[in-house]
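The structure under discussion appears below in the form of structure tokens.
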Amino acid sequence: MEAKSSSIKKIRKTMEKTLDAKRFEHTLGVAYTAAALAMRYGSDVLKAQTAGMLHDCAKCMSNEKRLHICEKHNISVNEIERRNPFLLHAKVGSYIAMRKFNIHDSDIINAILNHTTGRPDMSLLEKIVYIADYIEPGRKQAPNLGQIRRLAFQDLDEALFCILKDTLVYLNQVDGDVDPMTQKTYDFYKEYMADRK
């Protein structure tokens, strides 16, 4: 399915039924912010909306169901994800986007797949959805949020790097498990930003 405004409306209706009220509100915020960032950086607005609308489509599933879907469909699960199955919502979400919503655009699928950990050398759309998830209007807790929101519309890579840095600081402070991909992504963009200067 190509990203069309009619399909966005259908996805929105399905998400409203699937997600709890708070998660649906967040989803609308991410889709809105992703569209705004796409306009700013010349990315496809409908693709950004579609990825934003679907990024958390597996968030309100039980951990058991997420694990079951991964096992049934040979989706890889690392040790950290096995200990914290809520982290699987991105992998399961990308699978659901393909199967249930018939999305076959690899950039949209990757934006959903990588919106929690990021990955080295992300596409423009992946960066947009990753950042939109962090800065959408309903977010209140993150450190440096005001600064990152401004930065997101001035320098996308700088905003991305700040989010990765703050995420790792937070996870280390709360003794949270750090997904190896988050660390790899941070290391990649740390080098990238140093080379850019």
_Under the Debye formula (equal points on every Cα, no solvent term), log10 I(q)/I(0) of region 1-108 at q = 0.19, 0.20 Å⁻¹_ = -0.96, -1.04
*Quick one: among 147, 183, 173, which has the greatest mean-square fluctuation in a GNM of the chain with alpha-carbon springs under 10 angstrom?*
173
_Per-residue ³J(HN,Hα) for region 160-177, Karplus 6.51 cos²θ - 1.76 cosθ + 1.60, θ = phi - 60°, Hz, x for Gly and Pro_ = 4, 5, 4, 5, 4, 4, 5, 5, 5, 4, 4, 4, 6, 5, 8, 6, x, 5
*asked:* Using each residue's phi in region 79-93, evaluate 6.51 cos²θ - 1.76 cosθ + 1.60 at θ = phi - 60° and report the 3J(HN,Hα) Karplus result to the nearest Hz, with x for Gly and Pro.
replied: 4, 5, 5, 5, 6, 10, x, 4, 5, 6, 4, 6, 5, 5, x
*Taking the Cβ of residue 52 as the center, what net charge do the other residues with Cβ under 10 Å away carry, scoring Lys and Arg +1 and Asp and Glu -1?*
-2
*Would you work out which of 181, 146, 159 lies farthest towards the positive end of the dipole of region 113-197, given +1 charges on the beta-carbon of Lys and Arg and -1 on that of Asp and Glu, about the Cα centre?*
146
_I'd like the distance between the alpha-carbon centres of region 123-190 and region 39-70, rounded to an integer number of Å._
17 Å
*asked:* With +1 assigned to the C-beta of every Lys and Arg and -1 to the C-beta of every Asp and Glu, and no other charges, what is the dipole magnitude of the chain about the Cα centre in debye, to the nearest 20?
replied: 740 debye
*Report ³J(HN,Hα) in whole Hz for each residue of region 50-61, in order, from the Karplus equation J = 6.51 cos²θ - 1.76 cosθ + 1.60 where θ = phi - 60°; Gly and Pro get x.*
4, 5, x, 5, 9, 4, 10, 4, 9, 6, 8, 7
*asked:* Apply the a/c threshold of 1.5 to the C-alpha gyration tensor of region 114-197 and tell me whether it is rounded, prolate or oblate.
replied: rounded
*Given R₀ = 22 Å, FRET efficiency for residue 45-residue 142 by Cβ-Cβ distance, to 0.05?*
0.35
*Rounded, prolate or oblate (a/c below 1.5 giving rounded, otherwise prolate when a/b exceeds b/c) for the chain by Cα gyration tensor*: oblate
*asked:* What is the percent carbon and sulfur in the accessible area of the chain, measuring with a 1.4 Å probe over the protein chains and ignoring ligands?
replied: 51 percent
*Where a ≥ b ≥ c are the square roots of the eigenvalues of the C-alpha gyration tensor, would you call region 12-61 rounded, which needs a/c under 1.5, or, failing that, prolate if a/b is larger than b/c, or oblate?*
prolate
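The values are calculated or read from the model by the stated rules, or taken from the named source; none is laboratory data. As the structure is a computational prediction, the values presented were derived from the model and not from experiment. Glycine also receives a Cβ, built like all others from the backbone with ideal geometry; neighbour counts cover every protein chain displayed. Surface areas here come from the heavy atoms of the whole protein model, side chains and all, with no ligands, DNA or RNA. Shrake-Rupley method; radii C 1.70, N 1.55, O 1.52, S 1.80 Å.
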